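Structure first, then comments.
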Amino acid sequence: MALGSFFGSFDLSAFFNALILGVSIASIWLIAALGLTIIYGTAGVINMAHGEFIMLGAYSSYMLQNYFGLPFLLCVPAAFIIVAAVGLVLERGLIRYLYKRPLDTLLATFGVSLVLMQGVRLIFGSDPKYLAVPPIFTSNFQLGFVNISAFRVVVLAITIALVAALWALFYRTRFGVQVRAVMQDKEMAASFGINSDRIYMLTFAIGAGLAGLAGSLFGVLNIVLPTMGAGYVVQAFLVVVVGGGTLAGSVVAGGATGELQSIFAYFTNDTFARFVLYVLIVVFLRVRPQGLFAPSATRR
Amino acid sequence: MNIYHNVKAQWLAYAAFFLLLASLPIFVSDSFLLNQFATYGVFGMLALSISLCWGFGGILNLGQGIPFGLGAYGMAMTMQMQTQDASNPIPPFMLNNSLDHLPLLWEPFRHAALGIVLALVVPTLFCAIFGGLMFRARVSGPFFAIMTLAMLSAWFTLILDIQPYTNGANGITPPSPLKLGDYAVDPYSPVAYWSVLALLLVATVGAKLMTLSRFGLVVQAVRGDAERVRFLGYSVAGYETTVYTIAGFIAAVAGCCWVVLTQYVSPAQFDTTFSLSMVIWAGIGGRLSLIGAIIGAFLIQGAQSYLGDTFLNTWLLVLGAFFILVVRFLPKGLAGLVESILGRLSMPSKSNGNDVAAHRLYPQPGE
């Protein structure tokens, strides 16, 4: 392609639209990665079942909506609670025996993801399900020459609210102080009377619940399928890896990768953009293997 | 002394195992079944490569589908070009995707020998570059596993996306078997089975010799504690890249064999589930034992083919649950179970010593 035609095809308003879409993609990837960030950052557990937690969140919203007639806005917090409970059971039954073997948590949670996926398929079948939302969410915004669906704005708002809430939880509460103490030095924290076992348990449950909440939103953006989790989990992992496992890192990494994906997709297409992005991340890790904002203190 | 750790006994077990496999065509006359067993041999090669990389090198590799798939695509392109001639110069699917001449990417595959060499060299080179980049940056453990997974998913989308060159989701189905010179390799013949078995044998013996060598010792030391090996003056990144690349080469060979046997390749070879199931084979069979990993592949794939029909809906459920149990209670897999049983038999009074060895597997800082 000649340089002239390249710039000739450049359309400012379409490019602006791509930038706005990038913010939306970033918010989706970030909200998918939030739970993973907390679980990895606190306990060092690589949770391969995270995508299936997202899927469970979508299905629990579907179930509540269709069998109990719950309005969508109540399904979102309900999905948080249901999936958090599932995460709690999983942590108590399996993960807590594996904290000393991080690679094995990856494998065991992959086994869990197979079980969850097939279990949901047996219960609900493999045909797609749909989540209904209030009609104001399905409309489109027209802001100048920028066009964006209302629900994507809702997702963005919820993401911002969640990040703020998590920041407050980790930096403004007693529980947050305990979590950060356990993160930095588990033995030292334990000697000051912090029950690290309980902290791990609660953070795992919160992380799982966040995945469930994300799932109830993704169920509206996309169709609900037993295999839907696999589509989100790789992006979520990349956000955590690039960010370095901290909340601030994930926010910046989510924003950067989402925006880059959208810009590359504007110039080429969606799948090729993803390939370029992944290769860029490999190169980035060559320069900064610990991620953007790695915790400075020693970890265990 | 536990007989499990006796090197002579290990070689004897290998010899018995491969003799048993080699005699299989005498008992099995059904050529379809023989072809299926040969594909199990390919899976055995993959499990072997995972065992080498993960069990001995401590590098968990969730993207072994990349060298496998690249090798498979290279072989499929070679076989496809063997069926094209002057009157019919380009594969039919390209015409459907409105290409009027052979793309540059396919040009080298006109020559069968060059095509096969490329099918082996390109994936190996990819592993060397990717592994080199990652290990030099000291990306290791779970982070490396996630990066291989991301790379795999990137390749999957790329292969799907460039439909005019790869026929997208439909994949490539070479219409006739591979011709080496004037000889056509019939995928349903005992010769094909024995060839795959011979390659598996060469790979296994090579890998076993490697683990027994000085190089293998350093690699296992890196698995134990990479930092200490680095302090001793070894180039940890060099050793890690080498073992990762060798595993990739074995997977590329497996990919070539796979296409010769099935005459089919599709992006499903780059699917994350397939690569993760290779890890499951090695994990259940025993990642620290080469032969254990191969047997794991045979067991799981065999069970999937035969029990899978009966438990069609619950197969993944059973496999997942079984894998969780193995990870939780048998980190060394079934081979570890054999090890501890043999240990009990050979020294009934001192079973404690064996427990210590098993226990030392748990907290490995290098992992």
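Here, each number is a calculation from the coordinates, and none is a lab measurement. Computed from a prediction, not measured in an experiment: that's the story for all the values here. When we count neighbours, we look across all protein chains shown, and the Cβ atoms used for this are built from the backbone with ideal geometry, even at glycine.
A few notes on this one:
- Shielding of peptide A:146-152 by partners, expressed as the average count of other chain Cβ atoms within 10 Å per residue Cβ, is 0.
- Under the Debye formula (equal points on every Cα, no solvent term), log10 I(q)/I(0) of the protein assembly as shown at q = 0.07 Å⁻¹: -0.49
- Between helix A:150-172 and chain A: long-axis angle, C-alpha atoms, 0 to 90°, nearest 10: 30
- Scaling the Cα radius of gyration of region A:213-300 by the globular reference 2.2 N^0.38 Å produces a ratio of 1.21.
- Helical runs (DSSP H, four residues minimum) scored at -39500 (n - 2.57) apiece and divided by the length of chain A put the mean residue ellipticity at 222 nm at -25000 deg cm²/dmol.
- Degrees between helix A:72-93 axis and first principal axis of chain A (Cα, 0 to 90, nearest 10): 40
- For B:GLY286, residues with placed amide H under 5 Å, excluding near neighbours: B:LEU334, B:ALA335
- Each 10 Å bin from zero holds the following percent of Cα-Cα pairs in chain A: 6, 26, 34, 23, 9, 2, 0.
- Taking 1.567 mPa s as the viscosity and 4 °C as the temperature, the Stokes-Einstein diffusion coefficient of chain B based on its alpha-carbon Kirkwood radius rounds to 60 µm²/s.
- Peptides B:333-345, B:87-99 ranked from most to least packed give B:333-345, B:87-99, packing being the mean of other C-beta atoms within 10 angstrom over each peptide's residues.
- Each of the chymotrypsin sites (Phe, Trp or Tyr not before Pro) that DSSP puts in a loop and that has at most 14 other Cβ atoms within 10 Å breaks chain A; the longest unbroken stretch is A:193-300.
- Radius of gyration over Kirkwood radius for region B:70-126, both on Cα atoms: the Rg/Rh ratio is 0.99.
- Whole-Å distance, taken between Cα centres, linking region B:241-289 and region A:107-177: 35
- Scalar couplings 3J(HN,Hα) for region B:67-77, obtained by applying the Karplus form with A = 6.51, B = -1.76, C = 1.60 to θ = phi - 60°, are x, 4, x, 5, x, 5, 5, x, 5, 5, 5 Hz; x denotes Gly and Pro.
- Check: chain B dipole with +1 on Lys, Arg Cβ and -1 on Asp, Glu Cβ, in debye: 1340
- Derived scalar couplings between HN and Hα for region A:53-66 equal 5, 4, 4, 4, x, 5, 5, 5, 5, 4, 5, 4, 5, 8 Hz in order, rounded to whole Hz, by the Karplus curve 6.51 cos²θ - 1.76 cosθ + 1.60 (θ = phi - 60°), x for Gly and Pro.
- The string of couplings for region A:110-116 from the Karplus curve (6.51, -1.76, 1.60, θ = phi - 60°) is 5, x, 4, 5, 4, 4, 5 Hz, one whole number per residue in order, with x for Gly and Pro.
- FRET efficiency, A:ARG288 to A:VAL177 (Cβ-Cβ, R0 22 Å, nearest 0.05): 0.15
- Computed as a quarter of the hull surface, the mean projected area of the alpha carbon convex hull for region B:250-342 stands at 6.9 nm².
- Shielding of B:310-320 by partner chains, average beta-carbon count, 10 Å: 4
- Most positive-pole-ward Cα, A:SER113, A:GLY229, A:LEU74, against dipole of region A:27-232 from beta carbon charges: A:LEU74
- Dividing the summed -39500 (n - 2.57) terms of all DSSP H runs of n ≥ 4 by the residue count of chain B sets its mean residue ellipticity at 222 nm at -22500 deg cm²/dmol.
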